[in-house]
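Enquirer: Got a structure for you, written out below as structure tokens; questions coming shortly.
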Amino acid sequence: MSDSSQPIPELSVVVPVFNEARNLRPLAARLASVLAGLGLSFEVILIDDGSGDETLQTLRELNAADPRFSALSFSRNFGKEIAIAAGLDAARGRAVVVMDADLQHPPEVIPQFVEKWREGYQNIYGRRIGRATDPKLRTMFTRLFYRLIDQFGDVALPEGAGDFRLLDRQAVDALLRMRERARFNKGLFAWIGFKTIGVPFVVERRAFGVSSFNFARLVSFALDGLMSFSSIPLKVWTYVGLAISGVALMMAAWFFIKTIIYGVDLPGYASLMVSIAFFSGVQLLSLGVIGEYIARIFAEVKGRPLYLVAERIGAEPLTKG
Ligand code: UDP
Ligand code: MG
């Protein structure tokens, strides 16, 4: 085993950070003591995702105190998924751990990840046991979302898997080749495959501050996930249209026969209005779904960089946008 002064570390830890100033010191302390016990050289790369609090200053101080802690600071908030991508870009280790900054992902689990990695696993995810820390409504929608992805998505997301994980260099390199903007990391992690295993861990409560994912942001994230990994919402309208046309044809035949036998009926204003409203709704909905996909295609074809780095604190200039 080599010591930590070696230029290329064996293990990289990537942490997306958004307004976590108060969590950073406790996180760094716990990480340093856990990683020291591993007998691996390491680097910790913190990605400041456009924080508005003392995060950046704290990152500078952390780096000054221990150069194994480096940081990238985005020019603005690009979102957690993009921050993770930037961290993977910058990571140099033969294995990379991804974890949250708010101490919900206990650093003490990392040795178990490393153990699995040494056994030959390449994609080791933390499997959360119990979502006790999440609000009820959020848990409900999370379940619904996973049901949908499971049914219609083209990746199988392992139960309870999140972003807390260890990736072997080979898996990281596979992820680096995916430069899509609408990033749904959980899906990407599953999509790449490799020798995968889960390690159970208990989610802790967020140490300081509040989650930055409100309901609207979670819904938009869920849509990204569904649309990145399934084209069913796009295709289902063919079948809906076919079914509706079939029913309409049968109705036409029925009205035709009825009119021949019983003569002209009194015009049904209410039923006409209802069916016009209903089918206008169906059409707008299907157009909207197509629009959602087109918006994502538009965002991708513009080919803008995934993120912009405003400042680098101690990190090697290896990153690309
Ligand atoms: N985060 C980020 N950019 C954002 C929002 C969050 O980098 O725009 C980071 C945040 O600092 C934390 C992790 O992503 O390290 C998870 O965020 P949070 O705890 O708010 O989400 P939750 O745990 O509720 O899913
Ligand atoms: Mg959290």
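Enquirer: Please go through region 207-291 and write out the chymotrypsin sites (Phe, Trp or Tyr not before Pro) that DSSP classes as loop and that have at most 14 other C-beta atoms within 10 Å.
Expert: Passing both the DSSP loop test and the Cβ count: F208, F213.
Enquirer: How long are the semi-axes of the equivalent ellipsoid of region 114-201, taking √(5λ) for every eigenvalue λ of the Cα gyration tensor, in whole Å from largest down?
Expert: For region 114-201, the ellipsoid semi-axes come out as 23, 17, 11 Å.
Enquirer: To continue, here is another question. Placing unit charges on C-beta atoms (Lys and Arg positive, Asp and Glu negative, everything else neutral), compute the dipole magnitude of the chain about its Cα centre in debye, rounded to 20.
Expert: Taking the Cα centre of the chain as origin, the dipole is about 500 debye.
Enquirer: May I pose another question? With label points built 7 Å along Cα→Cβ from the Cα atoms of A253 and R205, find their separation and express it in nm.
Expert: Those two pseudo-labels are separated by 6.5 nm.
Enquirer: Using only Cα atoms, what Kirkwood radius does the chain have, in angstroms?
Expert: One over the average 1/r among Cα pairs gives 22.2 Å for the chain.
Enquirer: If you don't mind, there's one more thing I want to ask. Checking the cross-link filter: which lysines have an alpha carbon closer than 30 Å to that of K186, excluding same-chain neighbours under 8 positions apart?
Expert: Hits, sequence-local ones excluded: K80, K116, K136, K195, K235, K302, K320.
Enquirer: Say a site is exposed when it is one of the GluC sites (Glu not before Pro), sits in a DSSP loop, and has at most 10 other Cβ atoms within 10 Å; what is then the longest site-free stretch of the chain?
Expert: Within the chain, the longest run free of exposed GluC sites (Glu not before Pro) spans 160-321.
Enquirer: Once label points are set 7 Å from the Cα along Cα→Cβ at both A216 and E159, what is their separation, rounded to one decimal in nm?
Expert: Between A216 and E159, the simple spin-label model gives 3.5 nm.
Enquirer: Here is a further query. Given labels modelled 7 Å from the Cα in the Cβ direction, how far is it in nm from I197 to D66?
Expert: With each label placed 7 Å out from Cα toward Cβ, I get 2.7 nm.
Enquirer: Where does the Debye-calculated log10 I(q)/I(0) of region 71-155 sit at q = 0.17, 0.22, 0.23, 0.27 Å⁻¹, using only Cα point scatterers of equal weight, no solvent?
Expert: Taking Cα atoms of region 71-155 as identical point scatterers yields -1.07, -1.26, -1.25, -1.25.
All of the numbers you see were taken from the coordinates with simple rules; none came from a lab. From a predicted model like this one, the values you see are computed outputs, not experimental measurements. No Cβ is skipped: glycine too gets one built from the backbone with ideal geometry, and neighbour counts run over all protein chains shown.
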